[in-house]
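Everything below concerns the one structure shown next.
A short reminder: the numbers here are calculations on the coordinates, not readings from a lab. Since we're looking at a predicted model, the values are computed, not measured. FYI the Cβ positions are ideal-geometry reconstructions off the backbone, even for glycines, and counts take in every protein chain you see.
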Amino acid sequence: RKYLSAKLKNQAVTIDSNIKVIKHYIKLAKKRGVMINVDLERIKIKQHRSHRTNLSLQEVERMKEYYFSKFIKPTHKMVLGYFLFNCMTGLRINDLLKLKREQLNDDYFYFWNQKSKKQQILMTNETCRKILAEDSSLFIKPPSAKHINEVIKEIALFLGIKKHLVCHVARHTFATNYLRKGGKVEDLQILLGHSDIKTTMIYVHIVESEAINTMRLLD
């Protein structure tokens, strides 16, 4: 833990994630008869509340207005299309960039969830269809995740959104806005492809924290 902190300058969450991986491989080694003089019971892993940057409903609307406007910069158009599509579907970026245009012609689309190794189905809602209709280049030759990250930061700056945006923020945005609009956590677990509802509950805690903070309105 000291090495990861002092030498590698890892943050607390990263340190505990790395230790969790190390514990896993030590257990695996012991099962295979490799003697390692380490007491795993003494290695404790702290639980951290994840901070997941997400866009509010109003911020998504601001992005949509820009996307559909006549004034959008050509270099922003395609990237914002991918990002907004993902704010409506919550796909992991690798799954998003594997999609083909012909998969998205109907109200529903199937895709291979690369993390769970299972086929999954999602809906293309009206907003998704409008996003696709606005730019015929979407899902033909997708940009890299790196390029999306670079351009979406430019777009946030241009629109005055003071948040650190990367590809995965779209997935977090989908999840939190789904709950803000009254969606059920059990349904969200299915939509996100989570095997454990504890992972999905992180988004519930985010929305609950926002609700608690509104009590300041009474000050």
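Points to keep in mind about this one:
- Of LYS27/LYS117; LYS115/LYS146; LYS30/LYS118; LYS98/LYS163; LYS64/LYS163, those spanning more than 22 Å from alpha-carbon to alpha-carbon: LYS27/LYS117; LYS30/LYS118; LYS98/LYS163
- Annotation for the range 142-200: trypsin sites (Lys or Arg not before Pro) lying in DSSP loop with at most 11 further Cβ atoms inside 10 Å of their Cβ are LYS162, LYS181, LYS184.
- 3J(HN,Hα) from dihedral phi, the range 194-207, Karplus parametrisation 6.51/-1.76/1.60, rounded to Hz, x for glycine, proline: 7, 7, 10, 5, 4, 5, 5, 4, 4, 6, 4, 4, 4, 5
- Ordering LEU159, LEU96, LEU217 by the number of other Cβ atoms within 10 Å of each residue's own Cβ, fewest first, gives LEU217, LEU159, LEU96.
- For the range 56-70, Karplus couplings with θ = phi - 60° (6.51, -1.76, 1.60), whole Hz, Gly/Pro x: 6, 4, 5, 5, 5, 4, 4, 5, 5, 4, 5, 4, 8, 7, 7
- Computed magnitude of the charge dipole of the chain (debye, nearest 20; Cβ of K, R +1, Cβ of D, E -1): 1300 debye
- Cα-based shape type of the range 2-42, given that a ≥ b ≥ c are square roots of the gyration tensor eigenvalues and the cut on a/c is 1.5: prolate
- The range 57-217 shape via C-alpha gyration tensor axes, a/c threshold 1.5: oblate
- Hz values of 3J(HN,Hα) by residue in the range 94-109 - Karplus curve (6.51, -1.76, 1.60), Gly and Pro given as x: 4, 5, 4, 6, 8, 5, 10, 3, 5, 6, 10, 7, 10, 6, 10, 9
- Helical runs assigned H by DSSP (4 residues or longer) give the chain a calculated mean residue ellipticity at 222 nm of -17000 deg cm²/dmol, each run adding -39500 (n - 2.57) before division by the residue total.
- Taking a straight Cα-Cα cut-off under 14 Å and skipping sequence neighbours fewer than 8 places away in the same chain, the aspartates and glutamates within cross-link reach of LYS130 are GLU61, GLU65, ASP106, ASP107.
- Among MET215, VAL169, VAL185 the positive-end extreme of the charge dipole of the range 139-219 (Cβ point charges): VAL169
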